[in-house]
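The values are calculated or read from the model by the stated rules, or taken from the named source; none is laboratory data. Predicted model, so just to flag it, every value in this text is computed and none were measured. Quick reminder, even Gly has a Cβ in these numbers, built from the backbone with ideal geometry, and neighbours come from all protein chains shown.
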Amino acid sequence: MIVNMHVDHLMATSPTSANDVWTATQQHPKLFSDAAARVGMTPKEYKEFRTALLSGKAVYVQLPRRVDAMSGARHGSVYAVKNAVMTTPQMGWRVDLADGNAVYVPRVCANISFLHNGAQVAHVRHVPRRKTVARYVQSAARVPKETPVTFDDVPPVPEAPATVANAIPVGGHSFPFLAFLPLGLIPAFVHNTPNTSPPPPCTNGSNAIGVCSK
């Protein structure tokens, strides 16, 4: 599923500066502190992040396409997408923390994102090759699945068919009993036919067209 961060934003209006982001953290402290915790930041890291926003240490950059976690909010619920991959290039602010981790804030939505300093170099012992391979296989299995995130506007809902020809598929009648309905009711019936794919829960983010369920 592609998660739509245009819908699940932390700031309804895109910030124009790092100071705007700091102001939002001041006005909505619980929302942003919850988002920071969800992506894996410690209270100390979050405090350092806010200080950097206010002191001019946040740098405006092109964001990396992948982050370890990106926060989102929907219907009052804050969540985090793990191993998030942005489908399009995005600009935003980067704050480098003292412990080597980095916080990214996309300008389009201000959703706090977190990226660890990278893989640590392991000390390889002289062990049989087959055991070394097994260790790498186990390590690879722990890598979370990538989740694409988009920042596009929600596409408009298609209008109901205006004619009988559009309502009934060519080459076969999916609803043969429609022939007995008044012409004015056919488009409404087809448009209101239930979708067999339920929307995801809002705690997992809204889908590509901005739909989720509580």
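A compact table of results
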item: Cβ pairs under 6 Å, 6+ apart, first in the stretch 33-53 and within 19 Å of H9 (Cβ to Cβ), second among the polar types (S, T, N, Q) and at pLDDT below 95; result: A35/S71; R38/S71; V39/S71
item: Selected residue (criterion: farthest from the chain's Cα centre (by Cα)) from residues of the stretch 88-107 that are surrounded by fewer than 15 Cβ atoms within 10 Å (Cβ to Cβ) and either assigned to a strand (DSSP E or B) or polar (S, T, N, Q) (or both); result: M91
item: The stretch 33-85, residues that are among the hydrophobic types (A, V, I, L, M, F, W, C) and under 15 Å from M5 (Cβ atoms); result: A35, V39, L63, V67, A69, M70, A73, V78, A80, V81, A84, V85
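Condition check ((1) in contact with a Leu (Cβ under 8 Å, 6 or more places away or on another chain); (2) modelled with pLDDT under 95; (3) polar (S, T, N, Q)) across all residues:
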{"position": "V7", "(1), (2), (3)": "no, yes, no"}
{"position": "S33", "(1), (2), (3)": "no, no, yes"}
{"position": "K44", "(1), (2), (3)": "no, no, no"}
{"position": "L54", "(1), (2), (3)": "no, yes, no"}
{"position": "P64", "(1), (2), (3)": "yes, yes, no"}
{"position": "A73", "(1), (2), (3)": "yes, yes, no"}
{"position": "V78", "(1), (2), (3)": "yes, yes, no"}
{"position": "N83", "(1), (2), (3)": "no, yes, yes"}
